[in-house]
Amino acid sequence: MADETTKTPLLDQLEQGPWPSFVKEIKQAGEKSPVCGDLLGQLEQSYSEKMGHWKHGGIVGVLGYGGGVIGRYSDLPEKYPHVAHFHTLRVNQPAGWFYTSDAIRTLCDIWERHGSGLTNMHGSTGDIVFLGTRTDELEPTFKELTEAGYDLGGSGSCMRTPSCCVGQARCEWACYDTMAICDDMTRTYQDEMHRPPFPYKFKIKCSGCPNDCVASIARSDLSIIGTWKDDIQQDATAVAEYAAAGLNIQKDVCDRCPTRCMEWDGAALTIENRECVRCMHCINVMPKALRPGKERGATVLIGAKAPIVQGALLSSVLVPFVPADELADTLKELIKRVWEFWDENGKNRERVGELIQRVGLANFLDAIGLDPAPEMVMAPRDNPYIFFQKDGDGH
Amino acid sequence: MTTTVAKRITDIGPPHYDKFLPPIIKKNYGQWKFHESIAPGVLCHVAESGDRIYTVRAGSPRLLSVQTLRRFADLADRFSDGHLRFTSRNNVEFLLSDRSKIEPLKQALFELGFPVGGTNNAISNIVHTQGWVHCHSAATDASGIVKSVMDALYDRFTHENMPAKLRVALACCLNMCGAVHCSDIAILGIHRRVPKINHQTLPKTCEVPTLIASCPTGAIRPATVNEKASVEVVEDQCMFCGNCYTVCPSMPLNDPENDGISIWVGGKVSNARSAPKFSKLAIPFIPNNPPRWPEVVDAVVNIVNVYAAHARKYERMGEWIDRVGWPRFFELTGIPFGRYHLDDFKHAGTTYARSTHIRF
């Protein structure tokens, strides 16, 4: 049996080639864990049959939490008994994914004692993923994790683990402290993360600038994207140095500006900052010469999601600018109002973006107490079917 | 007699990041001035104070054994005072204060089999989902395709020779745990057959009203089968999204011969130059062909090569296509255009060409 299940001619082909191989990783973990041999066996069978062999879901978890563990069972438990249970733990990552070597070793020690020894660094939402263990190992793993200062992330209809870019720790473009905000949100909403209270999932992602390195505008219900209000900071000498070094400033900077707000006369770069949409292109190209302004904060957007259920959405503008020092308080107030409305009106498995599509942005803004602003739309409506209100002046 | 019960620790959140930051980052937090690229995969950030921190970035398969993580920890001890981090695209980064350690670290990573690169106008690591390694709804594997595609794009990870950034992402079903829908190239697992209803288990495992409500096109109706409450699927209305299976285990869609891969192009997340946008359908279906999915690899490499040959500097995939037009994209890539490229879901009309702006 053991011999049969470790023969993996198909998977072995994925040990070839220059890119690091996940098959090698599984085999390596298999030196210490019998789980990995059966995982490879079942995966080989999937490769040969072109079909997965995991049963649907399974509700498992740790005491008092409604999420953080993804239950997984093999549909071939007799053949691959070591992966009969193959549950995953989502372990909340430290903001910015920073570690020390000792922290990594601590996580490895815990996971070696209690699970397969396989991880994802990291899962799509940002968690450290401990891949594969048995139900009776969940509570002991959790105990050791919390004693080491770690906690579980979110799963199911809860606030999912927030994530953020590297921010001010190592990036000159971060317009607010993404790691501090991410950590604050994570700690503030521990209950909503661990005990799913919502119609569906709710994700928060914090990017320090409009380059959006954590894809918040595509992937999070609440997208917090750093920006600035005043003028781009310019170092004229450094601009000249880029030109002298061969950068074609007219072609590669000015002509690529989406609002054509820059002029280059061969000696000086002039920016019409009133026309600038803070896209980051010129700053990306000339990081030594141009920097975001000094009046920094964030644009808050709402509603992004992948296709399930009613189609994919990008986030759209909710608050055009929140100063950096007001961000934490503003977000908490906004979140409170958004969750109240969603809780009251959201259908089962309806993300907040879909709810806004269903009830309309105007009704949503009424409910959370925000005034409409032209920054929220690409253009005003072009259809004349207007739901005029009986009271009020229609504004 | 008293007994002491150890208090169960809960709701503590993650360790505070402050514990893990290198001293040079703590000192210069929020005070970085600019950065420069030293080589593919190597960045230097310079602080207002004049301090410099060097980042060496290496690709990983995301699925990592504790043995490899311990090796990363050892490398961090040897070269970066015990400090490392990971990126949003599953790369590992070592944070060095000593420039002279860059080359020895690169050498050590190379010997361990981890390529240094993925910065600026290189193709960075593919973000991806679990696939057959861990997921019940996967229409394809994730890690095997990613490995095969990155083997083929290896040189484009280790060199910064693309017109602009190019982000590839893979999700193994429409749930898109990897949210691939705004990528320059998205590799997406799809089902193509209606769920096979298990009328035996359905009444016990599923709540029928929830199941009916889960269908975005209203294709699921109540039905009595063998005198038990169950459902039926209006086949013409099913577009194989798998929502019903998510809420009901008795509606599996897996079908080895009909599951496979679709390829989407031209999406982006960044606000740089043009607004963020969704990826659009390029290839509706490629059959699963494990272990190395050669047709998928060829399709991705073809799109990458055509883009690299034709796009202008700083033009992302979607920006290049916006400039030259979709007919030219299909002509240059040799990908056939057909009925599946025409949207027929919500907002489909907004994707029709509503002008006479046609390039001949």
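Read-outs: derived from the displayed coordinates by stated rules, not from any lab. Quick caveat: nothing in here was measured; it's all calculated off a predicted structure. Cβ placement follows ideal geometry from the backbone for every residue including glycine, while neighbour counts extend to all protein chains displayed.
Step by step: first the residues of region A:127-143, then only those that are out of contact with any His (no Cβ under 7 Å at 6 or more places or on another chain) and of a type in the set (D, E, K, R), then the one that is farthest from A:Tyr73 (Cα to Cα). Which residue is that?
The residue in question is A:Lys143.
If only one of A:Glu375, A:Glu340 is assigned to a helix (DSSP H, G or I), farther than 30 Å from B:Val247 by Cβ and not hydrophobic (A, V, I, L, M, F, W, C), which one is it?
Of the residues listed, the single one that is assigned to a helix (DSSP H, G or I), farther than 30 Å from B:Val247 by Cβ and not hydrophobic (A, V, I, L, M, F, W, C) is A:Glu375.
Residues that are more than 9 Å from chain A (Cβ to nearest Cβ): find the strands (runs of 3 or more DSSP E) completely inside region B:1-86 holding 1 or more of those.
So the answer is B:32-39, B:42-47, B:52-58.
State which residue is surrounded by the fewest Cβ atoms within 10 Å (Cβ to Cβ) when the search covers only region B:151-186 and only residues that are in contact with a Phe, Trp or Tyr (Cβ under 8 Å, 6 or more places away or on another chain) and among the β-branched types (Val, Ile, Thr).
Looking at the filtered set, the residue picked out is B:Ile185.
Every residue, every condition in (1) touching a Gly at 6+ places or on another chain (Cβ under 7 Å); (2) buried (at least 24 other Cβ atoms within 10 Å of the Cβ); (3) more than 26 Å from A:Asn348 (Cβ to Cβ), yes or no:
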| position | (1), (2), (3) |
| --- | --- |
| A:Asp184 | no, no, yes |
| A:Gln190 | yes, no, no |
| A:Met193 | yes, yes, no |
| A:Ile204 | no, no, no |
| A:Asn211 | no, no, yes |
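Looking only at residues that are within 7 Å of another protein chain (Cβ to nearest Cβ) and over 13 Å from B:Phe86 (Cα atoms) in region A:87-101, which one is farthest from the chain's Cα centre (by Cα)?
So, considering only residues that are within 7 Å of another protein chain (Cβ to nearest Cβ) and over 13 Å from B:Phe86 (Cα atoms), the one farthest from the chain's Cα centre (by Cα) is A:Thr88.
Please enumerate the residues belonging to region A:191-205 that are facing chain B (nearest Cβ under 9 Å) and closer than 26 Å to B:Gly178 by Cβ.
A:Met193, A:His194
Pull up region B:280-299, narrow it to residues that are of a type outside the set (Val, Ile, Thr), outside any strand (DSSP E or B) and within 12 Å of another protein chain (Cβ to nearest Cβ), then point me to the one that is nearest to B:Gly260 (Cα to Cα).
B:Asn288
Out of (1) β-branched (Val, Ile, Thr); (2) part of a loop (DSSP other than H, G, I, E, B); (3) more than 9 Å from chain B (Cβ to nearest Cβ); (4) under 20 Å from A:Ser124 (Cα atoms), the odd one out for A:Val214 is which?
So A:Val214 meets the others, but not (3).
Yes or no: region B:106-123 includes at least one residue that is in a loop (DSSP other than H, G, I, E, B), β-branched (Val, Ile, Thr), within 19 Å of A:Glu172 (Cα to Cα) and in contact (Cβ under 8 Å) with a residue 12 or more places away in the chain.
yes
Which numbered condition trips up A:Met179, out of (1) touching a helix residue (DSSP H, G or I) at 6+ places or on another chain (Cβ under 7 Å); (2) under 19 Å from A:Met280 (Cα atoms); (3) at the interface with chain B (Cβ under 9 Å from one of its Cβ atoms)?
Status for A:Met179: all satisfied but (2).
Just for region B:207-217: of the residues that are assigned to a loop (DSSP other than H, G, I, E, B) and either buried (at least 24 other Cβ atoms within 10 Å of the Cβ) or hydroxyl-bearing (Ser, Thr, Tyr) (or both), which one is farthest from the chain's Cα centre (by Cα)?
B:Thr217
Read through the list (1) β-branched (Val, Ile, Thr); (2) closer than 17 Å to A:Lys288 by Cβ; (3) surrounded by fewer than 19 Cβ atoms within 10 Å (Cβ to Cβ), then give the number of the only condition that B:Ile9 fails.
With respect to (1) β-branched (Val, Ile, Thr); (2) closer than 17 Å to A:Lys288 by Cβ; (3) surrounded by fewer than 19 Cβ atoms within 10 Å (Cβ to Cβ), B:Ile9 is out only on (2).
Filter region B:22-50 down to residues that are hydroxyl-bearing (Ser, Thr, Tyr) and over 15 Å from B:Gly118 (Cα atoms) and give me whichever is surrounded by the fewest Cβ atoms within 10 Å (Cβ to Cβ).
The residue in question is B:Ser49.
When region B:311-349 is examined, which residues are found to be surrounded by fewer than 12 Cβ atoms within 10 Å (Cβ to Cβ), more than 14 Å from chain A (Cβ to nearest Cβ) and assigned to a loop (DSSP other than H, G, I, E, B)?
Listed by number, the residues that qualify are B:Gly334, B:Pro336, B:Gly338, B:Leu342.
Among the numbered conditions (1) more than 9 Å from every other protein chain (Cβ to nearest Cβ); (2) in a loop (DSSP other than H, G, I, E, B); (3) of a type in the set (A, V, I, L, M), tell me where A:Leu40 comes up short.
(2)
Quick one: A:Ser116 ticks every box in (1) under 27 Å from A:Glu295 (Cα atoms); (2) facing chain B (nearest Cβ under 10 Å); (3) buried (at least 24 other Cβ atoms within 10 Å of the Cβ); (4) not hydrophobic (A, V, I, L, M, F, W, C) except a single one, so which number is it?
Failing condition for A:Ser116: (1).
Looking at (1) on the phi > 0 side of the Ramachandran plot; (2) in contact with a strand residue (DSSP E or B) (Cβ under 7 Å, 6 or more places away or on another chain), which is the one condition that is false for A:Gly311?
Answer for A:Gly311: the failing condition is (2).
Quick one: which residue in A:Met159, A:Met179 is hydrophobic (A, V, I, L, M, F, W, C), in contact (Cβ under 8 Å) with a residue 24 or more places away in the chain and within 14 Å of A:Gln93 (Cα to Cα)?
A:Met179
List every residue pair whose Cβ atoms sit under 8 Å apart, with the two residues 6 or more apart in sequence or on different chains, where the first one lies in region A:57-73 and is more than 7 Å from chain B (Cβ to nearest Cβ) and free of Cβ contacts under 8 Å to residues at least 40 places away in the same chain and the second, anywhere, is crowded, with 21+ Cβ neighbours inside 10 Å and of a type in the set (D, E, K, R).
Qualifying pairs under 8 Å: A:Gly58/A:Arg72.
For (1) crowded, with 19+ Cβ neighbours inside 10 Å; (2) within 23 Å of the chain's Cα centre (by Cα); (3) hydroxyl-bearing (Ser, Thr, Tyr), each residue gets a yes or a no:
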{"residue": "A:Ala240", "(1), (2), (3)": "no, no, no"}
{"residue": "A:Asn248", "(1), (2), (3)": "no, no, no"}
{"residue": "A:Glu263", "(1), (2), (3)": "no, no, no"}
{"residue": "A:Glu272", "(1), (2), (3)": "no, no, no"}
{"residue": "A:Leu290", "(1), (2), (3)": "yes, no, no"}
{"residue": "A:Arg296", "(1), (2), (3)": "yes, yes, no"}
{"residue": "A:Pro323", "(1), (2), (3)": "no, yes, no"}
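Would you confirm whether any residue within region B:233-242 is in contact with a strand residue (DSSP E or B) (Cβ under 8 Å, 6 or more places away or on another chain), at the interface with chain A (Cβ under 9 Å from one of its Cβ atoms), part of a loop (DSSP other than H, G, I, E, B) and surrounded by fewer than 18 Cβ atoms within 10 Å (Cβ to Cβ)?
Checked region B:233-242: no residue is in contact with a strand residue (DSSP E or B) (Cβ under 8 Å, 6 or more places away or on another chain), at the interface with chain A (Cβ under 9 Å from one of its Cβ atoms), part of a loop (DSSP other than H, G, I, E, B) and surrounded by fewer than 18 Cβ atoms within 10 Å (Cβ to Cβ).
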